[in-house]
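Quick notes on the structure that follows.
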Amino acid sequence: MENETRSTNQGAVLSPEKLTQFFTKQLNRIYCAKHHLLKRLPELGSHAHFRDLALAIDETVTDVERQIARMDEIFLLLEIKPGFEHCQGIIGIIEDAFSAIQQEVGDPEMRDLSILFYLQNIEGIEMASFKMLNMAAPKLEKKEVRQLLIENLDEAREDFGLLEYITSTYFKA
């Protein structure tokens, strides 16, 4: 029964093996998404009409590069190899966003709003992922892993806040 999940009055208790399996799968998914975004964001920035949005996208690219480097470090600390399997769902969300943005090609303001809408959605998924991984990290008994995840979460929150601020400029009366 050691490898099974047990139910208690205080919630589920995961075995170390299952926790590591969960952590690895979820880290891989967000890692995959970050790599995909790194490929796609420069194109998105070239379509931004509002200069502040283009600059925010450039900043996001830099942040994504740092987040990937931190995740590479996490993989090394845990002695696991990153993988790109089971990523279709999150890549589908990203690609859906890009196709929706392309539909607004003739209207720069609507295109910018679409970019902002989808980037905030994607950033929200990333924040939720880093929060969940951060909750699981102490059980892995690697303090460095938790710190790296906190840094990624903080960066994702900052990016989300910047996008939110830029969005608010479109709705000021």
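Residues that are over 19 Å from the mean Cα position of the chain (by Cα) and assigned to a helix (DSSP H, G or I) were ranked within region 32-53; the one that is nearest to Asp112 (Cα to Cα) is His47.
Apart from one condition, Ala128 fits all of (1) surrounded by fewer than 15 Cβ atoms within 10 Å (Cβ to Cβ); (2) of a type outside the set (Asp, Glu); (3) not in a helix (DSSP H, G or I); the exception is (3). The residues in region 162-173 that are farther than 19 Å from Thr62 by Cβ and surrounded by 14 or more Cβ atoms within 10 Å (Cβ to Cβ) can be counted, and the count is 1. So, Ser99, is that one exposed (fewer than 12 other Cβ atoms within 10 Å of the Cβ), more than 17 Å from the chain's Cα centre (by Cα) and at pLDDT 90 or above or not? When the stated conditions are applied, Ser99 does not pass them.
Out of all the residues in region 109-121, is one or more among the small types (Gly, Ala, Ser), under 19 Å from the mean Cα position of the chain (by Cα) and on the phi < 0 side of the Ramachandran plot? Walk me through how you get there before you give the answer.
So in region 109-121, the residues among the small types (Gly, Ala, Ser) come out as 114.
Add one more test, that the residue is under 19 Å from the mean Cα position of the chain (by Cα), and what stays is 114.
If we keep only those that are on the phi < 0 side of the Ramachandran plot too, we end up with 114.
Scanning region 109-121 turns up at least one residue that is among the small types (Gly, Ala, Ser), under 19 Å from the mean Cα position of the chain (by Cα) and on the phi < 0 side of the Ramachandran plot.
Here is a list: Arg6, Arg51, Arg40, Arg29. Which entry is loosely packed, with under 13 Cβ neighbours inside 10 Å, at pLDDT below 95 and either farther than 21 Å from Gly161 by Cβ or aliphatic (A, V, I, L, M) (or both)? That would be Arg6, the only listed residue that is loosely packed, with under 13 Cβ neighbours inside 10 Å, at pLDDT below 95 and either farther than 21 Å from Gly161 by Cβ or aliphatic (A, V, I, L, M) (or both). In region 130-173, the residue that is modelled with the highest pLDDT out of those that are among the small types (Gly, Ala, Ser) and touching a helix residue (DSSP H, G or I) at 6+ places or on another chain (Cβ under 9 Å) is Ala156.
Conditions tested, residue by residue: (1) loosely packed, with under 12 Cβ neighbours inside 10 Å; (2) of a type in the set (Val, Ile, Thr); (3) closer than 30 Å to Lys18 by Cα; (4) touching a strand residue (DSSP E or B) at 6+ places or on another chain (Cβ under 8 Å).
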position	(1), (2), (3), (4)
Glu85	yes, no, yes, no
Asp112	no, no, no, no
Ile122	no, yes, yes, no
Phe160	no, no, no, no
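The values are calculated or read from the model by the stated rules, or taken from the named source; none is laboratory data. Not measured: the values here are computed from a predicted model. Please note: Cβ atoms are built from the backbone with ideal geometry, for glycine as well, and neighbour counts cover all protein chains shown.
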